[in-house]
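Undergrad: Here it is: the structure, laid out below.
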Amino acid sequence: MKIDHLKIFTSNLERQLDFYEKILGLPVKKVSDTTIIIHLGYSVLEMEQEPSATPYHIAFHIPAQQEEKALSWLEEKLEILEDDGNRIVDFPAWKAKSVYFYDADKNILEFISRRDLFPPVSEEFSADSILGISEIGLATENVEEKFRFLNTNFGIEKFSGDYERFCASGDDEGLFIIINRNEKDWIPTGVKAFASPFEISLTREQASFSAVFKNDTLQPK
């Protein structure tokens, strides 16, 4: 599952523009007074101004086994979010390692390096090493309902977890991280998970799909 386009909302459009352009060094375009688009490898992240916006969890792919280099690169720019004292979080069952940090909206961002995906083409780590959107967090009161929608409409399978507290849905290339927001918080900070709305376009098995998540409802776009 490849995440092509993700639209989220921000209460600090100008601060987010500065963060992604000046701190992460990514190509950012202001398409209107209320909207910016950010190019992250094969994915596009769109942000629209919304005063009542709440935080998100989003993960970005980086090359395999470059988590140490990504950590060193990030440490010069911002504060790293630790998990029980660990600055690199190991997910052995997923063959992945991650580094977490905040953007200007306190969205929890993650660089995820999967051992068997995206071999590095350069020894150096830079903004060009951010390869695409890997995950979008979906906080809900009904995990199984959201999974059934994705499975029925898009053919997306369960990757990990259960239908009560947590269900990662998709594959190594792209995942919906579905959590029960009444029973689970986002790692590594333990902060409250909001049912933050988003719009998403993805490709799976050469077919394109789009969906909207709003008011704890997931539906085709």
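The values are calculated or read from the model by the stated rules, or taken from the named source; none is laboratory data. Just so we're clear, the structure is a prediction, and the values are computed from it rather than from any experiment. Ideal geometry is used to build each Cβ from the backbone, glycine not excepted, and the neighbour counts take in all protein chains shown. Please note that ligands, DNA and RNA were not included when accessible areas were found on the heavy atoms of the full protein model with its side chains. Shrake-Rupley method; radii C 1.70, N 1.55, O 1.52, S 1.80 Å.
Undergrad: Of the peptides 175-188, 130-143, how do they stack up when ordered by the mean number of other Cβ atoms within 10 Å, highest first?
TA: Values: 175-188: 19.7, 130-143: 21.6.
Highest mean packing first, the order is 130-143, 175-188.
Undergrad: At Lys106 and Ser160, where each label point lies 7 Å from the Cα along Cα→Cβ, what is the point-to-point distance in nanometres?
TA: Here the answer is 2.7 nm between the modelled labels.
Undergrad: Can I ask one more? With every protein chain in place, what's the accessible area of Tyr56 (1.4 Å probe, Å², nearest 10)?
TA: Spelled out: Tyr56, probe radius 1.4 Å, area about 10 Å².
Undergrad: Tell me the mean residue ellipticity at 222 nm calculated for the chain from its helices only (DSSP H runs of n ≥ 4, each -39500 (n - 2.57), averaged over every residue, nearest 500). Working shown, then result.
TA: Numbers: 3 runs with 27 residues, N = 221.
Estimated from H runs of four or more residues: -3500 deg cm²/dmol.
Undergrad: Using only the Cα atoms, work out Rg/Rh for the chain, with Rh taken as the Kirkwood radius, to two decimals. Write down the numbers at each step before the final one.
TA: Values: Rg = 16.2 Å, Rh = 17.5 Å.
Taking Rh as the inverse mean 1/r over Cα pairs, Rg/Rh reads 0.93.
Undergrad: Moving on to the next point. Rolling a 1.4 Å sphere over the protein heavy atoms, what is the accessible area per residue of region 81-161, to the nearest Å²? Before the final figure, lay out the partial values.
TA: Numbers: 3710 Å² over 81 residues.
That works out to 46 Å² for each residue.
Undergrad: Could you tally up the Lys pairs in region 103-221 with alpha carbons closer than 23 Å? Skip any pair fewer than 8 positions apart unless they're on separate chains.
TA: Close lysine pairs found across region 103-221: 14.
Undergrad: Taking the radius of gyration and the Kirkwood hydrodynamic radius from Cα positions alone, what is the Rg/Rh ratio for region 70-147, to two decimal places? Mind showing how you got there, number by number?
TA: Values: Rg = 14.3 Å, Rh = 14.4 Å.
Dividing the radius of gyration by the Kirkwood radius yields 0.99.
Undergrad: Using a 1.4 Å probe on the protein heavy atoms, what percent of the accessible area of the chain belongs to carbon and sulfur?
TA: 44 percent
Undergrad: Next up: Would you mind computing, in nm to one decimal, how far apart the modelled labels at Leu78 and Arg204 are, each placed 7 Å from Cα along Cα→Cβ?
TA: The modelled label-to-label distance comes out at 2.9 nm.
Undergrad: Run the simple label-point estimate for Thr189 and Asp90 please: 7 Å along Cα→C-beta, distance reported in nm.
TA: 2.6 nm
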